[in-house]
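Let me begin by presenting the structure, written as structure tokens, before commenting on it.
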Amino acid sequence: MWTRRRVIFIGVAGALAAGATVLIPRLRGASTAPTGGALVRDHGAMLRAVAQALLGPALPGDAGARTAQVDRLLTACEALLDNLPPVTRREVGDLFGLLAVKPARALLGLADDWADAGESVVHDFLAGLRDSRIGLKQQAYFALHDMVYGSFYAEPANWVAIGYPGPPDLL
């Protein structure tokens, strides 16, 4: 049973961890925004887990083909992130940094490490963010959702599965 003191301690510890995750990188390198490559390289396990949870059945069933598809998706995420303004890349970096810290992630609803979390566990975590009454949690979900789906469906080879014939020829 959780005591009042334990709940307060965990809340304060989580708030400090979240604050440190956001503030320390900003204080060290406030002038430069991370590149898409750096964000994907540093947070690849998280992005891989989120992509597999969100795309699930849209990915190939074969493990090798699935890994190759997710690798292509991460490359597309790099390009997408590189095309964002520096301030937005900093905000995405803050979100990724927050999701990298285990106590902060646990407060959001995922106690496992990204590499160890099963697809259904990550899916439930993302659903909890999406369905939260807290706007910031919803924004975190939609940032991850839009980045993954946008990168996946930007590739014309993935259009066939949803029956999209491609953009109309206007000429």
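Listed values, structure above:
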{"read-out": "Label-point separation in nm, Thr75 to His145, each point 7 Å along Cα→Cβ", "value": "2.8 nm"}
{"read-out": "Convex hull projection area averaged over all views, the range 35-156, Cα basis, nm²", "value": "7.2 nm²"}
{"read-out": "Segment Asp112-Tyr153, extension gain: residue separation times 0.36 nm, minus the distance between their alpha carbons", "value": "11.9 nm"}
{"read-out": "Taking the chain and dividing mean pair separation by its residue count, relative contact order in percent (alpha carbons under 8 Å, at least six apart)", "value": "28 percent"}
{"read-out": "MRE, 222 nm, helices only [DSSP H, n ≥ 4, -39500 (n - 2.57), over the chain, to nearest 500]", "value": "-22500 deg cm²/dmol"}
{"read-out": "Point-to-point label distance, Ala68-Asp131, nm (Cα→Cβ direction, 7 Å offset)", "value": "3.7 nm"}
{"read-out": "Sites Arg5 and Ser120, calculated FRET efficiency, Cβ-Cβ separation with R0 41 Å, nearest 0.05", "value": "0.75"}
{"read-out": "Dipole of the chain, positive end: most advanced residue of Gly36, Ala104, Gly93 [Cβ charges, Cα centre]", "value": "Ala104"}
{"read-out": "Span per principal axis, largest first, for the Cα atoms of the range 62-121 (Å)", "value": "34, 32, 13"}
{"read-out": "Dipole magnitude of the chain about its Cα centre (Cβ charges: Lys, Arg +1; Asp, Glu -1), debye to nearest 20", "value": "920 debye"}
{"read-out": "Label-point gap, in nm, between Leu84 and Arg41 - each point 7 angstrom along Cα→Cβ", "value": "1.8 nm"}
{"read-out": "Selection from Thr75, Pro57, Trp114, by position along the positive dipole direction of the range 35-156 (Cβ)", "value": "Trp114"}
{"read-out": "Residue with peak Gaussian network fluctuation, the chain [Cα springs, cutoff 10 Å], from Val121, Val87, Val101", "value": "Val87"}
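Each value in this text was obtained by applying a stated rule to the coordinates, not by laboratory testing. Since we're looking at a predicted model, the values are computed, not measured. Methodologically, a virtual Cβ is constructed for each residue, glycine included, from the backbone with ideal geometry; neighbour enumeration extends over all protein chains shown.
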